[in-house]
Amino acid sequence: MGLRSIAALFLILLCGLSSGEAAADRLDLIRKRGTLIVGVKGDYPPFGMLDIDGGLVGFEPDLAWEIAKALDVQLQLVGVTSANRLQKLEEGSVDLIIATLGDTAQRRRIATIIEPNYYASGVNLLMPHGKPVSDWTDLRGQKICATQGALFNRPMAQRYLLDLQLFNGTRDAKLALRDGRCVGWLYDDTAIAGDLTRQEWAGYGMPLPSSMVSPWGMAIALDARGTAFERALSDIVAGWHRSGLLMEIERRWNLKPSAFLFDAHELWRRRTPGGKLLCARQPDGEWPAECRNKAILTSTDVGGLQRIGLLVKEQTGLNVTIAYDDYDRSHFLHGLLVTLELVALCLAGSLLVGVAGAVAIDARVPLLSRAVKGLATVARMTPPLLQIYVVFFGIGGVVVQTYGWTFDGMAVTALCLSLYAGAANIFAFLEAAAHLREGDAAFRLRPSSLRSSLPAAVRVAYGPLVATLVNVVKATGMASAIGVPELISASTAIVADQGNADVMMNVLMVTYFLIVLLVVRLFGMLERRMVRHGTA
Amino acid sequence: MEPLETARALVAWTPFLAGGFVWNIVISLTAMAIGTALGSVLAVMRTAARPVLVRASLALTAFTRNVPTFVVLFYLAFVIPVEFEIDNIVYPFPAWVKASIALAIAVVGFVSDNLSTAIRAWRGGNRGAALLFIPGWTSYFVIIVMASSTASVIGVGEIVSRCNTVIGATGRNGLMLWVYLYAMTWFFLFCFPLNLLMARARRRLQTRIASPVKATDVAAAKATDTD
């Protein structure tokens with residue numbers, strides 16, 4: 001079938017899939033449901049963490065309880081990460097997120113952030129003591145571990161030319177730092193301060209001055225702006241600042257008293273000479289300018305290609321950042337390159353494993369053949385994703401502790417996928433050899449006669465081999481699970497920054513589809529050549 | 001960490017992990033059900049007399065073969081909303097259903113390919129060869145069970161994501177290797193015997209068939225794999 005017809009079919013299916021709508025009045029929905037669903041962090045002590053029973057507790061869950069109490073509904077807490085919190089909000093699986101979200105002009109374009117802000121933090125670097133680093137500019141070009149979706153990744157990378165290694169969650173990023181994959185871990189100073197109180201980070205510190213201090217905001221869906229839900233939440237937070245509840249909860253979790261909360265407490269209780277509250281709603285429903293986030297009030301200037309991109313976005317609703325935004329485009333292209341490298345490695349690796357394994361088994365060396373067959377069976381009968389976890393986190397963790405060597409995520413993925421697909425190839429080769437023995441009883445896959453026996457076996461096993469190789473190409477995306485910066489990682493990172501899930505997911509799908517199609521065509525070409533030169 | 005301590009921790013968490021594995025089976029069975037239903041339609045279309053139907057079926061089958069399940073998983077998780085409201089009732093669209101749908105796409109391709117072969121064999125009077133579809137289908141179920149572990153990346157509480165929960169809850173990184181290996185054992189103990197049984201069933205069917213099926217045909221029938 002033609003490439004064009006497949007592409008057309010594909011587009012039709014995509015159009016059918018990509019429409020979704022959020023409920024208009026969330027407060028009604030919540031009351032109807034009787035439950036408020038709040039997304040909080042599970043990996044950010046003491047702001048949001050898991051207790052021994054697996055429940056979510058911390059500074060932010062406490063705020064969620066206060067809100068549920070004020071709205072007189074039940075509370076359901078849902079764990080979210082930096083990478084998926086805005087996504088969960090947009091898709092409507094949570095009503096509200098209180099998840100260490102920094103309040104920026106860009107975030108306000110993809111979510112409704114509740115004013116006033118409820119906390120503030122800056123960005124810093126966790127690193128081992130004894131590094132000769134005193135300023136951010138000393139880190140130019142150095143490998144820095146970072147957590148996907150954090151808002152400061154991009155400006156910090158641009159400003160100080162850091163080589164960011166992005167990981168799926170804080171746990172993975174911290175493990176990478178521990179394993180020496182990078183100089184330091186770029187993250188929020190409040191989170192790092194929490195870690196530094198623990199024994200496991202003795203010998204580490206935060207030697208640089210905090211950068212980019214920014215307030216935190218609770219967030220609700222973008223289309224909930226101006227609703228009763230937003231107003232209710234806004235009033236609740238204002239009440240907290242006035243009563244000092246936030247400072248009380250801060251003390252409850254042993255946090256260092258923050259200047260932000262102290263100042264806000266003063267500001268929201270201040271009265272005008274006439275005796276009225278300074279921070280009271282104006283006739284238009286807004287808070288007065290002096291009570292709002294100053295950084296948001298100043299507009300960001302845009303021009304050139306970005307202005308055109310934003311124009312397209314305003315006209316069509318499609319935010320194709322990889323077309324007009326240099327950072328996103330290079331991020332995506334780099335992901336494409338990594339995926340193509342992975343594809344090449346996995347194809348070569350699984351063929352190599354297939355041939356070597358089949359030769360070892362067909363040689364019928366008493367112990368070796370049996371061992372190889374056993375290994376191939378295990379590799380084929382266990383999930384490749386788990387194999388990757390075992391090698392990368394499990395064995396990799398032990399090896400780094402014992403010898404100080406760190407495993408490369410791309411190499412681990414290529415190895416595991418090569419073993420998984422290679423095992424299937426081994427059995428395909430063996431079956432082909434058995435079939436060829438029906439015609440020539442002496443046929444064997446011997447290293448000495450590989451030049452003549454291998455092409456014959458490949459010809460017989462061609463169908464199954466190609467099917468396996470195409471599947472290993474499709475599986476390369478699994479590398480994203482261990483933070484390899486390939487296509488899926490790049491796409492989800494862009495979604496986390498820009499909130500353009502519809503565009504990026506379609507771009508990702510089409511790109512992957514074309515890669516697979518390319519590989520399928522390549523094998524088709526090879527097959528035709530084999531038939532033409534065929535001697536079998 | 002002490003071996004005894006590790007073993008004790010694994011035993012303590014076994015019911016939790018087993019509950020996760022039940023989810024893997026549920027997701028896989030749902031994927032097989034959806035995929036088999038749709039794939040059967042394509043298979044029947046492929047054996048139809050009208051060329052238009054055959055061409056359409058071949059195109060759709062090629063499409064399902066070339067779409068990576070892992071990417072579809074992310075696609076569905078990001079693009080499809082989590083709940084729908086129809087007539088004031090909120091219907092959830094849980095992540096595990098999305099995982100099943102993503103996996104079902106691979107099943108559609110497999111069923112379309114193999115069932116159409118079986119239908120032709122049946123019509124040709126070769127009942128035994130047609131029955132080879134059954135062990136093939138079951139072996140494919142095994143592959144889907146293994147692939148269901150990828151549902152963990154979109155937050156389905158199956159066994160792999162429960163492994164991560166266990167590691168997070170115990171806070172002991174030394175446990176990591178053992179928890180993952182333990183989960184791997186679960187998959188192996190489920191998949192290997194079932195696969196062995198199906199290989200045996202296939203061999204028995206083949207010996208029963210009067211005109212033996214060529215090894216290449218059998219190999220081709222097994223070829224459609226998934227990621």
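Coordinate-derived values only; no laboratory data. This is a predicted model, so every value here is computed, not measured. Every residue, glycine as well, gets a Cβ built from its backbone with ideal geometry; the counts of neighbours run over all protein chains shown.
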Going by average Cβ density within 10 Å per residue, which order do the peptides A:188-198, B:104-114 take, highest to lowest?
B:104-114, A:188-198
Given axes a ≥ b ≥ c from the Cα gyration tensor, I'd like to know whether the stretch A:326-532 is rounded (a/c under 1.5), prolate (a/b larger than b/c) or oblate.
oblate
Roughly how big is the protein assembly as shown's charge dipole about its Cα centre, with Cβ charges of +1 (Lys, Arg) and -1 (Asp, Glu), in debye to the nearest 20?
3080
Local net charge near residue A:406, Cβ-Cβ under 15 Å (Lys/Arg +1, Asp/Glu -1):
+1
For A:526, A:186, B:58, what ranking results if the residue with the fewest other Cβ atoms within 10 Å of its Cβ goes first?
A:526, B:58, A:186
Violating pairs (Cα-Cα greater than 22 angstrom) within the set A:41/A:88; A:88/B:98; A:69/B:98; A:131/A:174; A:41/A:69; A:474/B:98:
A:69/B:98
Radius, Kirkwood style, for the stretch B:82-155 when every pair of distinct Cα atoms is counted (Å):
14.7
Positive end of the charge dipole of the stretch B:3-223 (Lys, Arg +1 and Asp, Glu -1 on Cβ, about the Cα centre): tell me which of B:169, B:34, B:130 has its Cα farthest that way.
B:130
Within a 10 angstrom radius of each residue's Cβ in A:466-477, how many Cβ atoms of other chains show up on average? Whole number is fine.
6
Ranked highest first by the average count of other Cβ atoms within 10 Å around their residues, in what order do A:77-83, B:194-200 fall?
A:77-83, B:194-200
Can you give the average number of partner chain beta-carbon atoms within 10 Å of each beta-carbon in peptide A:373-385, as a whole number?
6
For chain B, alpha-carbon Rg over 2.2 N^0.38 Å:
1.19
Net length gained if the chain between residue A:223 and residue A:137 were fully extended (0.36 nm per residue, minus Cα distance)
26.9 nm
Please get the size of the charge dipole for chain B, origin at its Cα centre, with Cβ charges of +1 on Lys and Arg and -1 on Asp and Glu, quoted in debye to the nearest 20.
1300
D (µm²/s, integer) via Stokes-Einstein for chain A, Kirkwood Rh across alpha-carbon pairs, 25 °C, 0.890 mPa s: value 92
Along the charge dipole of chain A, which of A:280, A:92, A:217 sits closest to the positive end, that is, farthest toward it, with unit charges on the beta carbon of Lys, Arg, Asp and Glu (+1, +1, -1, -1)?
A:92
Listed with the fewest Cβ neighbours within 10 Å leading, B:78, A:429 appear as B:78, A:429
Using only the alpha-carbon atoms, what does the stretch B:1-61 span along each of its principal axes? Please give whole angstrom values in decreasing order.
67, 18, 12
Peptide B:2-8: average number of partner chain Cβ atoms within 10 Å per residue?
0
Pairwise label distance in nanometres, residue B:197 with residue A:210, each label 7 Å out on the Cα-Cβ vector:
6.0
Tilt, helix A:501-532 to longest principal axis of chain A (alpha-carbon atoms), in degrees rounded to tens, equals 10
Please list, ordered by chain and number, the residues whose modelled amide H lies under 5 Å from the amide H of residue A:167; skip anything fewer than 5 residues away on the same chain.
A:146, A:147, A:148
